[in-house]
1. Quick check: at a probe of 1.4 Å, how many percent of the accessible area of the chain sits on carbon and sulfur atoms?
2. So with the 1.4 Å probe, I'd like the accessible area per residue for the chain, rounded to whole Å².
3. Peptides 358-364, 242-248: what's the order by average Cβ count within 10 Å, highest mean first?
4. Per-residue counts of other Cβ atoms within 10 Å, averaged by peptide: what ranking do you get for 59-72, 186-199, highest first?
5. Quick one: how many Å² of Arg224 are accessible to a 1.4 Å probe, rounded to 10?
6. Averaged over every viewing direction, what's the projected area of the C-alpha convex hull for the chain? Give it in nm², one decimal, please.
7. In region 268-323, which trypsin sites (Lys or Arg not before Pro) are in a loop and have at most 15 other Cβ atoms within 10 Å, using DSSP for the loop call?
8. Place +1 on the Cβ of every Lys and Arg and -1 on the Cβ of every Asp and Glu in region 105-229, take the dipole about the Cα centre, and give the residue among Thr208, Pro140, Ser118 whose Cα lies farthest towards its positive end.
Amino acid sequence: MLRRVFVTGIGMVSAFGKSWSEIKQKFQAEKNAVMYMKEWDKFVDLNTRLAAPIINYKHPKEWDRKQLRSLGTVSRYSVEAAGAVLKDAGLIDDESIKDGRLGVACGSSTGSTDSIRSMAQLLIDGSSDCNANTYIKMMPHTTAANIALFYSLKGRIIPTSSACTSGSHAIGYAYESIKYGMIDMMLAGGAEELCPSEAYVFDTLYATSVKNQTPELSPSPFDRDRDGLVLGEGAGMLLLESEESALKRGAKIYAEVVGFGSNCDGTHVTRPQSETMKGAMILALKDANLNPEKIGYINAHATATKHGDIAESYATNELFGDKIAISSLKSYLGHTLGACGGLEAIFSIMMMNEEHFFPTINLKNVDSECAKLNYLKEQTSIKTNFVMSNNFAFGGVNTSLIFKRIN
């Protein structure tokens, strides 16, 4: 028998703050977190100077030296977000979560890049500041492993290092684990730490914004004058829980996860394909047993790259028509890569519950090459029981999640 899966806790670390109330206030102001990164001036081959960093991040003061020694920045973000989830769900000091009933699905594009640099230096000239924890900080599954270790969790662990779909893959695989009876609860989401090396990756593809003198105007997804993405950082984590477990302990329920679809393009490593994007959405709708007209809002992946925005718009239009409400919240926080799937899932759920949806900022003139959709340019009241959140990644990886409102 298939089980229903509920979202019973949320936790975030972002450039806009660590709570929905803080983040919502910034969304309401319709200003982004993007700034000129003066410290990037030394990288002469880097064209972009824009990012949306977390300023003066401080880990929770109760963390001790022993706990911190294996945590790079990306793991600190994910572990803190996971702790916020457990606190929100009333499970932070509950010994019962340590018996195997709670697992972790989490990912990032990469491990902590300062540790990767240390290891690279060792290979280059034999000298390095590597230590016993260097690999733990740099390994691809550093977020998932450190969350499990930090909170003494013994359930299944699913590392999802798939770039921009790391967070959404984690949520989808965690949802399936619970739905098919493999485990009762899963912490799920993703994280990313900001690094100029990641900006350089997109720079080489001519995919970064170079509006360096006007950071407040970029990124601008779907806009005629968009010129590329801006990187951000942070973490977004959710607690997914079976209906039986949630009801038994009287858990607060934010939403139900009802659909997940994932596929790959199998065509080009960095150029998204509209047909398979649409296919991932179809899979999510089929899983949820829903017709497209039931979806009231779509959180777009839309990073403000030329080909990506166009392909996504056509995939969406062909399935949902031109009236579907859609916006990209990357216009506020930049592209948080491994974190975006977790953060945007939370944002979509909270907007659905509050019937208040935030627009794509910096969207002045919709690109005529994009398909016709209801691109939100202002804050809009929408009452809907279902929202969809989509993410697409390098390697042609596509994900789509559907959340149901609990009335």
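The values are calculated or read from the model by the stated rules, or taken from the named source; none is laboratory data. Not measured: the values here are computed from a predicted model. When we count neighbours, we look across all protein chains shown, and the Cβ atoms used for this are built from the backbone with ideal geometry, even at glycine. Just so you know, the surface numbers come from the protein's heavy atoms only, side chains and all, with ligands and any DNA or RNA stripped out. Shrake-Rupley method; radii C 1.70, N 1.55, O 1.52, S 1.80 Å.
1. Here carbon and sulfur together make up 51 percent of the probe-accessible area.
2. Normalised by residue count, the accessible surface of the chain is 41 Å².
3. Averaged packing, sorted descending, gives the order 358-364, 242-248.
4. Working: 59-72: 12.9, 186-199: 28.3.
For the peptides 59-72, 186-199, the packing ranking is 186-199, 59-72.
5. Only protein atoms counted, so the area is about 140 Å².
6. On the way: hull surface 76.0 nm².
Averaged projected hull area, Cα only: 19.0 nm².
7. Working: sites: Lys278, Lys286, Lys294, Lys306, Lys323; in loops: Lys323.
In loop regions of region 268-323 (DSSP not H, G, I, E or B), the sparsely surrounded trypsin sites (Lys or Arg not before Pro) are Lys323.
8. Pro140
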